[in-house]
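Engineer: This is the structure I want to talk about, given as structure tokens.
The values are calculated or read from the model by the stated rules, or taken from the named source; none is laboratory data. Source: prediction; values computed, not measured. With ideal geometry, Cβ positions are generated from the backbone for all residues, glycine too; neighbour counts draw on all protein chains shown.
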Amino acid sequence: MDMQLASKWCRALLLGWLVSTPVWADDTDIYLNNSALDTGITRIMLTLDFRSNVGSTICNDASSAACETIMGSRLYPEMDLYGLDGERGADGYPDQDQLDPLSLGNTIADTYWGGTKTNLYDVLRTVLRVVLNDVSQQAASNASIEGVEVGVMVAHEGTCKGAGPGQIPNLKASKPKGCSQGAYVLKGFTDISDPLTSAANLEDLFVKIAAIPEPGIQASWMKSAWNGHSFKIRDIYFEFFRYVTGGAVFNGFLGYDDYNSQENLGNLYETDNDVVFDLLLGLGDQALLSPDVSIMNSYNLGLSLMADDTDNISSATYESPLDPNDACSGLYMINSLFGTTGNSHGDTDTAIGGTAGSGGLGLSLSGGQDAKDAQLVGNMYNVDLGSSTYGAPDVPGVQNLTSYVISDKVRTNTNAIAAAGGTGQAYPLSDPQAALDTLSAIFNEILSVSTTFVAASVPTNVFNRAEVVDNLYFALFQAESEVRWNGNVKKLKIADLEVTDPNGVITTEQIIAQAPLTDPPKRAISNVDGRILTDALTFWTDTTGADVIAADPNAGEVSGKDGRTITRGGAGQQIPGFLPSSTLGADNFVTGARQVFTEDPSSANDLLDLDGSISDADLTALRPYLDPNDAITDGDPERELIKWIRGIDAYDEDGDTVYTDVRPWLMMDPMHSRPLVINYGAREGTSYTANNPDIRLFFGTNDGIFHGIKNTETNGNESGKETFAFIPLELLHWQKTLAANFAQIAEPHPYGMDGIAVSYVYDDDRDGNIEPTDGDYVWVFIGQRRGGDGLYAFDLTDPDDPELMWKVTSGTSGFEQLALTFSTPQAVTLDLGVAGGTPALIFAGGYNGGWSGNSRVGKDAGDANDTIGNAIYVVNAETGALIWKAVGPDGGAAPTNSDSLFYQALMTDSIPSNITVVDTDSNNVVDRAYVGDSGGNVWRVELTEAAYIASGSTVTDETNWYVTKLASFGGAGASDLRFFHGPDYVRTTTYDGVILTSGDRADPRETTVNNYAFAIKDTFQTTNSNAAAIKARTPLVIGDLTDITDLCITGAEAACTSADLSNGWKLELEASGEKGLSQPLTTNGVVLFTTYVPNDGSAGQQCTPSEGTGRVYVVNLSDGSVVFDLSAGGTTTKVDRYSEVGPGIPGDVIPYEDQVLIPGKGIGGKQIFNIPGRDLWRIYWREEDVDQL
């Protein structure tokens, strides 16, 4: 920050805070002033599969330049191919770091690497060394990481014929006897994050891993060449279960025949056996391949083999690594597979099925080998292993096991294991760099889940008229301690992935994929937290950009990949001037410059170029908006500020003493402004085609900018470039505060243009192409939400040349009761008696909230009646002229009804919700609407068509257009229900269903109110013949709806089938503070909606994300009963109604073709979820005489 700017603006900013305290954000509360989430210890178990497949050659001469290139600069210096005695095989130390004791001045690499082949086994060991060292350094330097522990498990040989654990080897016999079976812990969880011990612990870990022989080689202590042990999933996982819960050692000691050891050298855990390595580094003899007995209790190995030294291993137990004080620790398994898995021993399945008291999981496995493997992995992902139920210490939080799989070849069972373990699909492991990137990405994801915060993303689909195409856009933002929050929009794609389930059934699953599209496609979304993967590349990102090349490993960033980081890649990178290859420009007229506009104060509805060289006359007109307090007088401050708005670093934010370069980041947060996507087709006057249509995005950000973004170039290349930026006059005063970017002085983060844009598109010949010569047009409308009370209309028929059509505010005549424009306008066609219909907007009065001085007002302050926001408006979409409004009391005399006004005395609460418009007779004209308000009321709005009005009446008079109260659910205290999101509407043969959820978005952390999901049955399905009855009926109250929370779980309960559901039903959102903050979606008799559960800081929530948790509900429309076994518990309970989708407030469930798009991590790892029976959706498209729903 330039100090001159800071000093001369300090007075202005303080004055600004005192004179005109801004309107602040509401649900930003969940992202601010949070205590860090108690992440606990992150425990990661590596399971290593060493079979002949790992012997595939990577390079033929380790000493060659070609091998150095293949391995890469990070792996090559860390390779460990030989021990100090020159024997081929690792010893745990990089060869280039070890001097050869037999060749003075040479390293082991110098002496032995020439002509030595390297294989996948060498790569995996080297990758583990590099990645674990990185993780150790990251954990040590990142205070938010409480600790990282890593262990190693390997499989035994499988030679036991009968029950495994019963065949304890007899080492006292003259000829020792025994067999091998199952798996064992080679190294228990070891702390690699403590700077005082991590180096020694890592060294011990690397030496253990290095001791594992290379498959295909016969060492002197082997009976024959060893070709590896079969990797048996259930054996490994059940041994891990016994370890982590502190149970009896199961197969851990059954290693008599491991590694083809010679019988006369004893069992695996003896010190005088075949796995001892006499190291020359002062370590002495160590049974490096023996089970880690340091994690066991109640054993005696009889290592001296003396007659009085009795073996006692049958009663050995593990010492659980979990601790009751270890709140919120995480358990992860990373499986490396090379070849197909083997079938586990029969005694393992028997033990798994045993009761918890007998050391089992109580899990009855069925099906074939792969199906059983997936069932066990899935069960351990879904249960809490840190529970006394299984004999483990009771640890706060859920200690479930999340499983990753990396494999030389992605197979049916590898994907099934990954999916069951909560990570979606297996990662391929082939060349060295891919192996390094993959393992780094996995560790980054694990640690980022526990330590990093990235705001929830909101996906938006793009469409081609009635059909949806494959693009998805994610609006992202990052909460900051300063006023300015960075934001971005990133593009991903939906792709088909062929999946084979454990039973061998092949299906095609659609996934959200990263760039570039490959076969098979790569997942872009983490199944662990529902956010973009740290190593994903999104489609608009230029990988040569400095923002993407630089990477912060502590944030999990990967060079060349933008991932989830807000200030890397995406549309933010593509704003003109940010990349050196583009032009920022101080003025719009500069070729290729960023196009920035505001309103022309001297000419209504005209745009003014916001140029650095703005004329004196125009600057004089703008000055009251740029600096309303006239507090900045030094130099030429307004022109400096305009340059800063354009993106020029006019105040040297980066500290390089250059005042003409680009600012460090140019896009602020699009917190609520989900991008509107419009498909212009093969737009007239361009070379876009049907295969590469002109698709544009429109959204606002909280620096007050309304952005236009291009999806692709005319040649088909990915774009993401901003085509224009517009700032309303009313938001220019914010710019000096944003430029100064001081830490927040009183209240957090201002809003600007944070509403959701909508469109009215007219395509005269319906050819899918916007052709102005045909009379086609595109109009776009956007409100400000908490940014103000403005609503703006643009003609974007040419998306590169925006035109301001009109705007309305509370200062516009007829709109005096307009509050903060929370309610997104609905673009519709109405029948007002004009041929072809009238394009119109319908929206509610908005939210009465915010600040007056230092005090909250309106519904932010309590539940008192409102005198603004309690209105519904219908305006002409082309001109902005008021067609009709319904209003409640404004504190003055009640108005008289007229053709343009309906007075509803009961409408005493502001209406922040979107209005749901309805075409009840399916004639492509809207004739009814429903909406909820901030007082817990639900309103029905009649918009009778001109074709059906009473003789002698006017279409908009009170006999035809009116508002009635359908329901009154609100109250005080725990009953202070508020509706912030629109209802869903479902038409059945006997009733019109109105489905909505309650929840105070303005106070997301409150835990007093008991919120519900409601399904209301409106039995007056027609308007014309029932007007008197509709106006006369008594509104429903909350007691009129049956509570089905505990009544209808399966739907087959006697109490449910006999329940009175004639008025509908209500479902309690039972978690503390749980609230519905999205619009429901109903499809094929199933209702889907998301909820938010705040973290209230109580002991029971210490392990939930500090920003709270999102859920998605899936219930039957008929009675609110369970649809799917979402908890995967096998028994239907009420928790099967919902599934957690990740941290933060989730977005809406969005229709996508015949499926739905679930926010966050989806359901069962699937973001694209199938609800059978739904026809093709029509979404977000506006055409004349087409139903706008």
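Engineer: Please determine whether any residue of segment 830-851 is at pLDDT 95 or above and of a type in the set (Val, Ile, Thr).
Structural biologist: Within segment 830-851 (the criterion being at pLDDT 95 or above and of a type in the set (Val, Ile, Thr)), the answer is yes, since at least one residue qualifies.
Engineer: Right, another one. Could you tell me which numbered condition Thr538 fails, if it satisfies all but one of (1) surrounded by fewer than 20 Cβ atoms within 10 Å (Cβ to Cβ); (2) assigned to a loop (DSSP other than H, G, I, E, B); (3) in contact with a Leu (Cβ under 7 Å, 6 or more places away or on another chain)?
Structural biologist: Thr538 satisfies all of (1) surrounded by fewer than 20 Cβ atoms within 10 Å (Cβ to Cβ); (2) assigned to a loop (DSSP other than H, G, I, E, B); (3) in contact with a Leu (Cβ under 7 Å, 6 or more places away or on another chain) except (1).
Engineer: What tally of residues in segment 697-714 results from selecting those that are in a strand (DSSP E or B) and closer than 22 Å to Gly790 by Cβ?
Structural biologist: 8
Engineer: Any residue that is among the hydroxyl-bearing types (Ser, Thr, Tyr), assigned to a loop (DSSP other than H, G, I, E, B) and within 27 Å of Gly970 (Cα to Cα) - is there at least one of those in segment 850-872?
Structural biologist: yes
Engineer: Right, another one. With respect to Ala881, determine if the residue is without any contact (Cβ under 8 Å) to a residue 12 or more places away in the chain, within 17 Å of Leu841 (Cβ to Cβ) and small (Gly, Ala, Ser).
Structural biologist: The answer is yes for Ala881.
Engineer: Please report, ordered by residue number, the strands (runs of 3 or more DSSP E) entirely within segment 730-817 with at least 1 residues that are closer than 24 Å to Ile645 by Cα. I'd like the intermediate steps shown before the answer.
Structural biologist: Details: elements: 758-762, 777-783, 791-795, 803-808.
Counting at least 1 such residues, we get 777-783, 791-795, 803-808.
Engineer: Hey, another quick one. Answer yes or no as to whether Ser481 is at pLDDT 50 or above and closer than 15 Å to Asp529 by Cβ. Steps first, please.
Structural biologist: Details: at pLDDT 50 or above: yes; closer than 15 Å to Asp529 by Cβ: no.
No, not satisfied.
Engineer: Identify all residues within segment 817-837 that are closer than 27 Å to Asp919 by Cα and either acidic (Asp, Glu) or crowded, with 20+ Cβ neighbours inside 10 Å (or both); write none if there are none.
Structural biologist: Across segment 817-837, the qualifying residues are Leu818, Thr821, Phe822, Ser823, Thr824, Pro825, Gln826, Ala827, Val828, Thr829, Leu830, Asp831.
Engineer: Here are the criteria: (1) within 13 Å of Glu722 (Cα to Cα); (2) crowded, with 17+ Cβ neighbours inside 10 Å; (3) without any contact (Cβ under 8 Å) to a residue 24 or more places away in the chain. Tell me which single one Thr583 does not satisfy.
Structural biologist: (2)
Engineer: Restricting attention to segment 651-665, which residues are touching a residue at least 24 places away in the same chain (Cβ under 8 Å), in a loop (DSSP other than H, G, I, E, B) and hydrophobic (A, V, I, L, M, F, W, C)?
Structural biologist: Within segment 651-665, just Trp665 meets the criteria.
Engineer: Okay, moving on. Step by step: first the residues of segment 682-712, then only those that are over 17 Å from Pro802 (Cα atoms) and without any contact (Cβ under 8 Å) to a residue 40 or more places away in the chain, then the one that is surrounded by the most Cβ atoms within 10 Å (Cβ to Cβ). Which residue is that?
Structural biologist: Per the criteria, the residue is Tyr688.
Engineer: If Thr197 passes every condition in (1) surrounded by 18 or more Cβ atoms within 10 Å (Cβ to Cβ); (2) modelled with pLDDT of 90 or more; (3) on the phi < 0 side of the Ramachandran plot but one, which one does it miss?
Structural biologist: Thr197 satisfies all of (1) surrounded by 18 or more Cβ atoms within 10 Å (Cβ to Cβ); (2) modelled with pLDDT of 90 or more; (3) on the phi < 0 side of the Ramachandran plot except (1).
Engineer: Something else about it: Please find, among Gly92, Gly86, the residue that is out of contact with any strand residue (DSSP E or B) (no Cβ under 8 Å at 6 or more places or on another chain), of a type in the set (Gly, Ala, Ser), surrounded by 15 or more Cβ atoms within 10 Å (Cβ to Cβ) and farther than 22 Å from Ser407 by Cβ. Break it down stepwise before answering.
Structural biologist: Numbers: Gly86 fails: surrounded by 15 or more Cβ atoms within 10 Å (Cβ to Cβ).
The conditions single out Gly92.
Engineer: Pick out, from segment 1029-1118, the strands (runs of 3 or more DSSP E) lying fully within it that include 1 or more residues that are under 30 Å from Ile30 (Cα atoms) and either among the small types (Gly, Ala, Ser) or not assigned by TED's automatic domain parsing to the domain that holds Pro912 (or both).
Structural biologist: Passing ranges, in order: 1109-1116.
Engineer: Please find, within segment 589-608, the residue that is farthest from the chain's Cα centre (by Cα) out of those that are buried (at least 18 other Cβ atoms within 10 Å of the Cβ) and not in a strand (DSSP E or B).
Structural biologist: Taking the candidates together, the pick is Ala593.
Engineer: Let me ask something additional. Find the residue count for segment 189-237, including only residues that are within 22 Å of Gly86 (Cα to Cα), β-branched (Val, Ile, Thr) and part of a strand (DSSP E or B).
Structural biologist: 1
Engineer: For Asn325, indicate whether it is surrounded by fewer than 17 Cβ atoms within 10 Å (Cβ to Cβ) and either touching a Ser or Thr at 6+ places or on another chain (Cβ under 7 Å) or modelled with pLDDT under 90 (or both).
Structural biologist: It is true that Asn325 is surrounded by fewer than 17 Cβ atoms within 10 Å (Cβ to Cβ) and either touching a Ser or Thr at 6+ places or on another chain (Cβ under 7 Å) or modelled with pLDDT under 90 (or both).
Engineer: Check Asp309, Asp347 and return the single one that is surrounded by fewer than 22 Cβ atoms within 10 Å (Cβ to Cβ), at pLDDT below 90, not aromatic (Phe, Trp, Tyr) and not in a loop (DSSP other than H, G, I, E, B).
Structural biologist: Going through Asp309, Asp347 in turn, just one is surrounded by fewer than 22 Cβ atoms within 10 Å (Cβ to Cβ), at pLDDT below 90, not aromatic (Phe, Trp, Tyr) and not in a loop (DSSP other than H, G, I, E, B): Asp347.
Engineer: Could you tell me whether segment 901-924 includes any residue that is closer than 15 Å to Gln817 by Cα, surrounded by fewer than 16 Cβ atoms within 10 Å (Cβ to Cβ) and in the same structural domain as Asp1000 (by TED's automatic domain parsing)?
Structural biologist: Scanning segment 901-924 turns up at least one residue that is closer than 15 Å to Gln817 by Cα, surrounded by fewer than 16 Cβ atoms within 10 Å (Cβ to Cβ) and in the same structural domain as Asp1000 (by TED's automatic domain parsing).
Engineer: Within segment 849-862, does at least one residue satisfy the condition of being crowded, with 19+ Cβ neighbours inside 10 Å, of a type outside the set (A, V, I, L, M) and closer than 20 Å to Thr956 by Cβ?
Structural biologist: no
Engineer: Filter segment 358-372 down to the residues that are without any contact (Cβ under 8 Å) to a residue 24 or more places away in the chain and surrounded by fewer than 17 Cβ atoms within 10 Å (Cβ to Cβ), then identify the one that is nearest to Tyr243 (Cα to Cα).
Structural biologist: This residue is Ser358.
This table checks each residue for (1) over 18 Å from Pro839 (Cβ atoms); (2) modelled with pLDDT of 95 or more.
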| position | (1), (2) |
| --- | --- |
| Asp764 | no, no |
| Asp789 | yes, yes |
| Asp800 | yes, yes |
| Glu803 | no, yes |
| Val808 | no, yes |
| Gly814 | yes, yes |
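Engineer: Taking the stated definitions as given, is Tyr651 surrounded by fewer than 20 Cβ atoms within 10 Å (Cβ to Cβ) and either within 15 Å of Asp703 (Cα to Cα) or aromatic (Phe, Trp, Tyr) (or both)? Steps first, please.
Structural biologist: On the way: surrounded by fewer than 20 Cβ atoms within 10 Å (Cβ to Cβ): no; either within 15 Å of Asp703 (Cα to Cα) or aromatic (Phe, Trp, Tyr) (or both): yes.
Taking the combined requirement at face value, the residue does not satisfy it.
Engineer: Filter segment 477-493 down to the residues that are part of a strand (DSSP E or B) and surrounded by fewer than 24 Cβ atoms within 10 Å (Cβ to Cβ), then identify the one that is nearest to the chain's Cα centre (by Cα).
Structural biologist: Among those that are part of a strand (DSSP E or B) and surrounded by fewer than 24 Cβ atoms within 10 Å (Cβ to Cβ), it is Lys493.
Engineer: Sort through Pro628, Pro576 and tell me the only one that's surrounded by fewer than 22 Cβ atoms within 10 Å (Cβ to Cβ), touching a residue at least 24 places away in the same chain (Cβ under 8 Å) and farther than 30 Å from Asp437 by Cα.
Structural biologist: After ruling out the rest, the residue left standing is Pro628.
Engineer: Give Gly853, Gly862, Gly849 a once-over and let me know the one that is closer than 24 Å to Phe979 by Cβ and either among the acidic types (Asp, Glu) or in contact (Cβ under 8 Å) with a residue 24 or more places away in the chain (or both).
Structural biologist: Step by step, each of Gly853, Gly862, Gly849 is checked, and only Gly849 is closer than 24 Å to Phe979 by Cβ and either among the acidic types (Asp, Glu) or in contact (Cβ under 8 Å) with a residue 24 or more places away in the chain (or both).
Engineer: For segment 556-595, give me each residue that is among the β-branched types (Val, Ile, Thr) and at pLDDT 95 or above.
Structural biologist: Residues satisfying the conditions are Thr567, Ile575, Thr583, Val590, Thr591.
Engineer: If we keep just the residues of segment 141-162 that are of a type in the set (A, V, I, L, M) and more than 14 Å from Asn251 (Cβ to Cβ), which is surrounded by the most Cβ atoms within 10 Å (Cβ to Cβ)?
Structural biologist: Val148
Engineer: Could you run through segment 375-405 and say how many residues are at pLDDT below 90 and farther than 22 Å from Asn325 by Cβ?
Structural biologist: Qualifying residue count for the region: 1.
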